[in-house]
Amino acid sequence: MRLHEYEALDIFEQNRIPVPRRGVAGTMHEALHVAGEIGYPVMLKAQVLVGGRGLAGGIKVASTPDELKDVADALLSSEIKGLPVRKILVCEKAEIAKELYVGITVDGYSGTPVIVVSTEGGVLIEETAKTSPEKIAAIHIDPSFGYYPYQARTILRMLGLKQQLIAAWTDVIGQLYHVALRYEVIIAEINPLAVLPNGGLLAVDAVLEVDDSALSRIRFPLPDRVDRIENLLERRGREIGVTYVDLDGDIGLISSGAGLGMASMDIIGEKMKPANFLETGGGITADLLYRCMELVMMKPDLRAIFINVYGGINPIHEGAKGVARYIKEHNVKIPIVAKALGNHQEETWEIFRAAGVHVVTEAATEKAIERLYKLVGRG
Amino acid sequence: MSIILDENTRVVIQGITGSEGAFHTRQMAEYGTRVVAGVTPGRGGQRLDNIPIFNTVKDAVKNTGAKASAIFVPPPFATDAIMEAIEAGIEIVVCLTEGIPTLDMIAVKQYMKGKHTKLIGPNTPGIISPGKCKIGVMAGYIHKEGRVGITSRSGTLTYEVVDQLTRRGIGQSTCVGIGGDPIIGLTFLDILQLFEKDNETDAVVIIGEIGGRAEEEAAEYFQKHMTKPVVAFIAGITAPPGRRMGHAGAIISSGTGDARTKIKTLEEAGIVVVKNPAEIANTVASVLHIH
């Protein structure tokens, strides 16, 4: 679960990482009030859970109350990459002498936390990683030993920094590592970590992504997980317990398994456009597939649905009953093609056929999608 | 020979009395797996069908000589189960559990250093050496004994590929699901090494996904050390960047681990990459000169 910037900054502040003076606003008047307390100029930052926010116009500066009114109104009525801006972060506009980078993540290969630092922070950090790898350093942390400040000090010294900056930065890294452990994050990032003219540091941006598998045991207050999903269809998917990703095509997809789902999406994408990605996971029941149908059908202008399920751990014949019930109750007219293999496949085919679903009995997903392509009248 | 498992592998089921544990124990036994013991704390002395249940893995190992374990234990207790199995001297641990916190897996990886246990998973459908032994939840009957090794990060997609190979008359030596989580035990790299050494495997199929670096590592090993042909498929070419597509491992961000980069790396190393999973069986047939 990714946290909003303002939520992450609050956690940073509680853990003694220096952060800007700031406040969150849901209306122009609230923004005006916060800015009045902080003093102009201020930064206004759209709080949306999507990358590349700045380049998409989600970060603005206001130097006067009049300017702020216009900017805040514009931001709060805008969308950033399809997500409505419900809140903006109003914060002090610090004078920045230099931008640094610090991030903590888990290296899947070594199975250890890794701290990444760079003297060239900012929006071009990924470019820097490619063009000037010498400006980026990684510290692998031995989990049984933990993090000790000397590890950061040694690396920062090698990057050629002065003592005052090394001391301040080492402190921030230690606190960020502490946050990463307490909140079981898979990504913690400060980019940029600003160097102020007086030599102090300030976390100008904040990224925290909590491990979904650890959410139930984290002992610190966290925002609601479902609540924050802006896309209504994706939120509904989370509520019924499936992974749903909203896409911009017109062919609905229901699949069991991420790999099978992605492969189906890829093959559909060759000649048509998938409307969504939907992966049921291992808990198929008649009710779940009924709800999946309901969810997929919520998308307007759908031309067809493709169902691709495998009966390993999943009782797919049960799932077929749910699909059939939905078709009957809602008198579904668009073509539905189903590929169902594995345990109980014959029974599953019977149920699908009786409900008017086009059943493909071959193993190849491609064959099923060819059938679908013919049915939607483009092949 | 097959890799990791053979017809003599003696298996203990951790979490045997749970509904999934019990169901799949019976499925495995029916397939021919030598399920010699089960473990559920507090249920020692009972039996599931004819399989004796013990309170600890240690007891199970002492009394039955179990060498492999299958873990059907819910996420909060799963890493405890893995540690217990390793401590008891189990050589192959297959962890089917989905949803283990990453921090717990960091501890497991740490604990495993210097130990010889092979961990498969977590979040895997398991491993099968057709006709010999199955530890997992895959449908056994679609497999066929043969000489092609399969390793995959995806469960259901693997079934499709296996089914296709079997229908084409191409059997499998061993199929290993390495699991979809960020931190796992054996990786593609380890599995390729085992297949390269196995004199009953002639070719290998890798079924990869977006995210992570497992495919890239496999490509490097292949280029430097491998003599057997490898065919690969990568799912997720149309996945929008920065979105989760179901597996914790299947995330693309920052332009690394995306399908196109992976495909390019694999092809440059000399691995045959198919664009469509339906082409896998024919491609395997052609690299093995089967007509």
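Around the Cα centre of chain A, unit charges on the Cβ atoms of Lys, Arg, Asp and Glu (plus for the first two, minus for the last two) sum to a dipole of about 300 debye. Say the cut-off is 23 Å between C-alpha atoms; which of A:LYS81/A:LYS135; B:LYS62/B:LYS144; A:LYS271/A:LYS367 go over it? Listed pairs above 23 Å: A:LYS81/A:LYS135; B:LYS62/B:LYS144. A straight line joining the Cα centroids of the range A:279-325 and the range A:93-137 runs 43 Å.
Annotation note: chymotrypsin sites (Phe, Trp or Tyr not before Pro) in the range A:73-180 located in DSSP loop regions with a Cβ neighbour count of at most 12 within 10 Å are A:PHE145.
With respect to the cross-link table entries A:LYS45/A:LYS130; B:LYS67/B:LYS262; B:LYS113/B:LYS224; A:LYS299/B:LYS275; A:LYS339/B:LYS228, which display a Cα-Cα separation exceeding 31 Å? Checking Cα-Cα distances, B:LYS67/B:LYS262; A:LYS339/B:LYS228 exceed 31 Å. Over chain B, the hull volume per residue, using the convex hull of the C-alpha atoms, is 119 Å³. Enclosing the Cα atoms of the range B:10-120 in their convex hull gives a volume equal to 89 cubic angstrom per residue. Rolling a 1.4 Å probe across all protein chains gives A:ARG303 an accessible area of roughly 80 Å².
The simple Förster model, with R0 at 35 Å and r as the Cβ-Cβ distance, assigns B:ASN63 and A:TYR148 a FRET efficiency of 0.20. Relative contact order of chain B, taken over Cα pairs closer than 8 Å and 6 or more residues apart, is 14 percent.
Listed by chain and number, the aspartates and glutamates whose alpha-carbon sits under 19 Å from that of A:LYS162, ignoring those within fewer than 8 places in the same chain, are A:GLU99, A:GLU120, A:GLU134, A:ASP171. Here the scattering of the protein assembly as shown is modelled by Debye summation over its C-alpha atoms, one equal scatterer each and no solvent; at q = 0.05, 0.09 Å⁻¹ the log10 of I(q)/I(0) is -0.25, -0.82. For the range B:120-188, rounded, prolate or oblate, judged on the Cα gyration tensor with a ≥ b ≥ c (square roots of eigenvalues), a/c < 1.5 rounded, else prolate if a/b > b/c? It comes out prolate by the Cα gyration axes. In loop segments of the range B:75-143 as defined by DSSP, the trypsin sites (Lys or Arg not before Pro) with at most 12 further C-beta atoms inside 10 Å of their C-beta are B:LYS113, B:LYS115.
Compared with the dominant Cα axis of chain B, that is its longest principal axis, helix B:19-31 is turned about 70°.
Selection among A:GLY146, A:GLY103, A:GLY199 by position relative to the dipole of the range A:98-214 gives A:GLY199 as farthest towards the positive end (Cβ unit charges, Cα centre).
In percent, rounded to a whole number, the relative contact order of the range B:10-120 is 23, using alpha-carbon pairs under 8 Å and six or more apart. Across the options B:ILE237, B:ALA29, B:HIS225, the greatest Cα extent toward the positive end of the charge dipole of chain B (unit charges at beta carbon of Lys, Arg, Asp, Glu) belongs to B:ALA29. Mind giving me the FRET efficiency for A:MET297 and A:ALA167? R0 is 45 Å, r the Cβ-Cβ distance, nearest 0.05 is fine. Efficiency for this residue pair is about 0.15. Rounded to the nearest 20 debye, the dipole magnitude of the range A:231-375 is 320 debye, with +1 charges on Lys and Arg beta carbons, -1 on Asp and Glu beta carbons, and the Cα centre as origin. Using a probe of 1.4 Å, the accessible surface attributed to A:VAL85 totals some 10 Å² when neighbouring protein chains are kept in position. The GluC sites (Glu not before Pro) found in the range A:1-106 that occupy coil by DSSP, while having at most 11 further C-beta atoms within 10 Å, are A:GLU95.
Working from Cα pairs under 8 Å separated by at least six residues, relative contact order for chain A is 12 percent. Sorting B:ILE106, A:ILE59 by accessible area puts them as A:ILE59, B:ILE106; the probe is 1.4 Å, largest comes first, and only protein heavy atoms count.
Farthest toward the positive end of the dipole of chain B, out of B:SER69, B:THR156, B:THR56, is the Cα of B:THR56, where the dipole comes from beta carbon charges about the Cα centre.
Put a plus charge on the Cβ of each Lys and Arg, a minus charge on the Cβ of each Asp and Glu, and nothing anywhere else: the dipole of the protein assembly as shown about its Cα centre is then about 700 debye. A 1.4 Å probe, protein heavy atoms only, puts the accessible area of A:ARG353 near 120 Å². Rounded to the nearest 0.05, the FRET efficiency derived from the C-beta distance between B:ASN199 and A:GLU346 at R0 = 41 Å is 0.60.
The values are calculated or read from the model by the stated rules, or taken from the named source; none is laboratory data. Keep in mind it's a predicted model, so treat the numbers as computed, not measured. Note that we place each Cβ from the backbone using ideal geometry, even for glycine, and neighbour counts take in every protein chain shown. SASA here: full protein model, heavy atoms, side chains in, ligands and nucleic acids out. Shrake-Rupley method; radii C 1.70, N 1.55, O 1.52, S 1.80 Å.
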